[in-house]
1. Under Stokes-Einstein, with the Kirkwood radius over Cα pairs standing in for Rh, what whole-number D in µm²/s applies to region B:93-171 at 25 °C and 0.890 mPa s?
2. Restricting to Cα pairs below 8 Å that are 6+ residues apart, what does the relative contact order work out to for chain A? Please round to a whole percent.
3. Using +1 at the Cβ of each Lys and Arg and -1 at the Cβ of each Asp and Glu in region A:110-240, identify which of A:Tyr192, A:Cys181, A:Pro208 lies farthest towards the dipole's positive end.
4. Which residue fluctuates the most in chain A, going by a Gaussian network model with Cα springs under 10 Å, if the choices are A:Ala209, A:Ala142, A:Ala54?
5. Just the Cα atoms of chain A: what Rg and Dmax do they give in Å?
6. For region B:9-24, what does the Karplus curve 6.51 cos²θ - 1.76 cosθ + 1.60, with θ = phi - 60°, yield as ³J(HN,Hα) per residue in whole Hz, taken in order and with x for Gly and Pro?
7. List every residue whose amide H lies under 5 Å from the amide H of A:Arg14, counting only residues 5 or more places away in sequence or on a different chain, with H placed 1.01 Å from N in the peptide plane.
8. Strictly greater than 12 Å: what percent of every Cα pair in region A:3-57 meets that?
Amino acid sequence: MNNAEAKFILQGYRSNGTDAGDETFGAAIEQAGKDPALGEWFARQQAFDRTVSAKLEQIAPPADLRAAILAGGRVTAAGAPRRAWWTHPAWLAAAASVAILLAVTLALWPRSAVAFENFALADAGNSATHGGHGHETGEFQAMLSNPATPLTGKLPIDYATLHDKGCRLVQFQGRDVLEVCFNRNGVWFHCYVARKADFPRLAIGSIPALAELGGAALASWTDGDHILIVVSKSGRKNLESLL
Amino acid sequence: MRDMPSEMFTQLVDAHYAPLFRFALSLTKNPADAGDLTQQTFFIWAKQGHALREEGKAKSWLFTTLYREFLRGRRRAERVTALEDLGPVEADPPAPEVDLLTGLDANLVVQALQEVDEVYRTPLTLFYLQDLSYKEIAGMLEVPIGTVMSRLSRGKAQLRAALARKEAGARGKVVPFQTPDARKLS
């Protein structure tokens, strides 16, 4: 190996020493130890590289970038289908026959509310698009905003009227769900109301179940006729104060 | 977080978002675009990357994804391949002394890096971020190891030249005379 070849290799050697164990550099480093001119060149090169790396290290990301990534990543994950080992085609093929048998059972099995909750969280995270209108919606919003209204009691919800007269509608699994934003003590919440009859196999209890996702929290329950999900982007404590 | 451990995602973000942002900044030359690209990379991870079976490969995956997203968004310039045919690298072109370089503002160094042709800038930035080895950079860019070494060599030559220009510019910069007395006289 001549010095030109050694230089060609050594300029790929990271100045933080991470490559010390890499055999590719071994002979070139040994040669730099024996040849003073090459050794001096390598020392200069490393000092230069170290300085540039240090300068790059000084570049700070925008202050709000980390928080934005964490919040957005969680919403994305909530809406993302998971790909697991069993999604491999071979396993899928093997599972196909079993699936036929399971399908009959599953058709009658209660379904988890997680998907619905994730849907509500994702929608609440995009509140810039929210809004409704109409007298009935205003009254419903005022009732929810009233600190004296216990949310977990039997709320006088006129689903059909709210549905037809301006309440914001979102669709989950092909069914309409009402969404109303309300404010209590300066904190905004999002209330989602679905007819229980539209989701007959959704496993959901009458006692509010609390869940957290990043900084957001939600509570889901049923009053017998409706499924209610309330989302708070300001944390669990604020949500618990409603219940 | 039910679909992905929240703690794991936070750890991943904390470990890599800053170097990813710096890499994105060198590619996009714009902090806002770099921020978007960094976010987009983590969102893709949140959607599909956490299915990676070897967590140790997360770093390479993130850098590779960010780079691919950058290329996808910009459409690869035809010039990239043409640059491979340039002549031999200038032997040790003039560069500012390390102590002068140390005194340069970090933003100026980044600007100099951004003046390096993209085909060299990408591996060079990854090299200086020190997160990936030359082998990992080769894997990410899907080029032979020798090509990475060659691009590092050319990239460093261009960086030295750009730094020398920045350093000369910073040294020759005239500072406006703005004392209160001067304002009175003008």
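The numbers here are math on the coordinates, done by the rules we state, and not lab data. Fair warning: this is a prediction, and the values are worked out from it, not measured in the lab. Heads up, the Cβs are rebuilt from the backbone with ideal geometry, glycines too, and the neighbour counts pull from every protein chain shown.
1. Diffusion coefficient, whole number: 190 µm²/s.
2. Reported relative contact order: 14 percent.
3. Sorting the options by dipole projection puts first A:Pro208.
4. Result: A:Ala54 has the largest fluctuation of those listed.
5. Over chain A's Cα set, Rg and Dmax evaluate to 29.6, 89 Å.
6. For region B:9-24, the Karplus-derived couplings read 5, 4, 4, 5, 5, 4, 6, 10, 5, 5, x, 5, 4, 5, 5, 5 Hz, x marking Gly and Pro.
7. A:Asp19
8. Tail of the P(r) past 12 Å holds 63 percent of the pairs.
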